[in-house]
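The values are calculated or read from the model by the stated rules, or taken from the named source; none is laboratory data. This one's a predicted model, so the numbers in the text were calculated from it and none came from an experiment. Reconstructed Cβ throughout: ideal geometry from the backbone, glycine too, with neighbour counts over all protein chains shown.
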Amino acid sequence: MGVMDWFKRGVGEMMVARPDGAKSQVVWKHPDRTIPMKSQLTVDSDEKAVFFRDGKVVATLGAGRHTLDSSNLPFLSNLVDSFTGGNVFLAEVYFVNVREHTGIKFGGRIGHVEDPKSGVPVETMVHGEFSFRVTDPEDLILGLVGMGRAESHAVRSWMKEQVLKVIRDRIGELLVKNRWPLLDVTSGAYTEEVERDVLDGLGTHVKPYGLEIVRLGNFVIDIDESDADNLKKLYTDAAYLKTVGGVAGYQAFAAGKAMMGAGEGMAKGGSEGGGGGGLMGGAGLGVGFGLAQMLVRDPKGGEALAPAAAGIVCASCGANTAPGKFCGQCGKELARKTPEAAGVFCTDCGAPMAVDARFCGQCGAKRED
């Protein structure tokens, strides 16, 4: 039997359809590109059949049963193989599922994002699920399949890449624009806003490929556990500063933090049996008092806190001023002998002194009454 006889005999005997085992795939390509005329093509209600040849989409057929004959499908005449006498046409047939594909899991790093409330860079991550559907089978074939992503897993993998890419860009942008504290973001307080913005961004990225992200689900933004603990501590300290209020409160807070650190150092030194522990502890205590004095109100900045050089703290305006009889900022007399009003300070180095001390404990200068 000759080749021509074989083709004639095979006319009308081929059934072209997606097998049951491939029903869940986004794109399935029929394995045989040589199809006899009058073959029966079956397209399910949730899919489209796309005819593709020489890098171009020739035609797309919807749901139903179609007899592949150029008499009722004129586009087939452009696909006929002249070698077979018009009994066979050559084309690649892709079956594209157009229903919504759900439960696609994704996850990965967003990267380091600066927390607007504390200014601390924090490692952030995201995970969740999304669903998508094909809106234009022809664009999908030309865009993704033309790039070698004919397999369903390749299409899904590409979709996950796009989701993560957009999330990285959008999360960073939202945090900067809205100054959302990261702990509020990870608590889910802004989940709806984030999801809506991410969906808008994804639409721009995937629409040219004939795809649509329908929805996101179980969407969670998370941060490293140690980073979360650090942020909580910073937030707690900031809240405390608001409650103590004013320069005096901040000075007390700063001195207390320094003294606590010094106390920890002394306890550690004592437990390790080193004589240097007590010495360093004493130095740390001095640093604590110095820190309380150094962190004072900036006279030009209202309530702003700014570091200042060592000196005397004016009881009237709270400014740090050089030792003398009058304040260099407000001009009022400096009360140097009344500990309850402003404290007793060394006129040379500005360090605090006991009421009955004759010499400065920091620089050794003799007290001038």
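Find the residue count for the stretch 116-139, including only residues that are without any contact (Cβ under 8 Å) to a residue 60 or more places away in the chain and either surrounded by 15 or more Cβ atoms within 10 Å (Cβ to Cβ) or at negative phi (or both). Walk me through how you get there before you give the answer.
If we filter the stretch 116-139 for residues that are without any contact (Cβ under 8 Å) to a residue 60 or more places away in the chain, which is where we start, we get 119, 121.
With either surrounded by 15 or more Cβ atoms within 10 Å (Cβ to Cβ) or at negative phi (or both) added as a condition, the list becomes 121.
Residues in the stretch 116-139 being without any contact (Cβ under 8 Å) to a residue 60 or more places away in the chain and either surrounded by 15 or more Cβ atoms within 10 Å (Cβ to Cβ) or at negative phi (or both): 1 in total.
Matching residues to (1) of a type outside the set (Phe, Trp, Tyr); (2) at pLDDT 70 or above; (3) surrounded by fewer than 12 Cβ atoms within 10 Å (Cβ to Cβ):
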| site | (1), (2), (3) |
| --- | --- |
| THR321 | yes, yes, no |
| PHE326 | no, yes, no |
| GLY331 | yes, yes, yes |
| ARG336 | yes, no, no |
| GLY343 | yes, no, no |
| CYS349 | yes, yes, no |
| CYS360 | yes, yes, no |
| GLY364 | yes, yes, yes |
| ARG367 | yes, yes, no |
Can you confirm whether the stretch 171-179 contains a residue that is buried (at least 19 other Cβ atoms within 10 Å of the Cβ) and either under 16 Å from LYS117 (Cα atoms) or of a type in the set (Phe, Trp, Tyr) (or both)? yes
Identify the single condition in (1) at pLDDT 80 or above; (2) farther than 30 Å from SER71 by Cβ that ALA154 does not satisfy, given that it satisfies every other one. (1)
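Report whether or not PHE51 is assigned by TED's automatic domain parsing to the domain that holds ILE141, touching a Phe, Trp or Tyr at 6+ places or on another chain (Cβ under 9 Å) and touching a residue at least 40 places away in the same chain (Cβ under 8 Å). Let's see the steps before the verdict.
Working: assigned by TED's automatic domain parsing to the domain that holds ILE141: no; touching a Phe, Trp or Tyr at 6+ places or on another chain (Cβ under 9 Å): yes; touching a residue at least 40 places away in the same chain (Cβ under 8 Å): yes.
Criteria not met by PHE51.
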Is it true that ASP169 is part of a helix (DSSP H, G or I), acidic (Asp, Glu) and at pLDDT below 85? yes
Restricting attention to the stretch 46-98, report how many residues are part of a loop (DSSP other than H, G, I, E, B), polar (S, T, N, Q) and buried (at least 16 other Cβ atoms within 10 Å of the Cβ). 2
Restricting to the stretch 187-238, count the residues that are surrounded by fewer than 12 Cβ atoms within 10 Å (Cβ to Cβ), among the small types (Gly, Ala, Ser) and not in a helix (DSSP H, G or I). 1
Across the stretch 186-199, the tally of residues that are more than 14 Å from ARG168 (Cα to Cα) and of a type outside the set (Phe, Trp, Tyr) stands at 8
Odd one out for ARG133, checked against (1) more than 20 Å from TRP28 (Cα to Cα); (2) assigned by TED's automatic domain parsing to the domain that holds VAL163: (1)
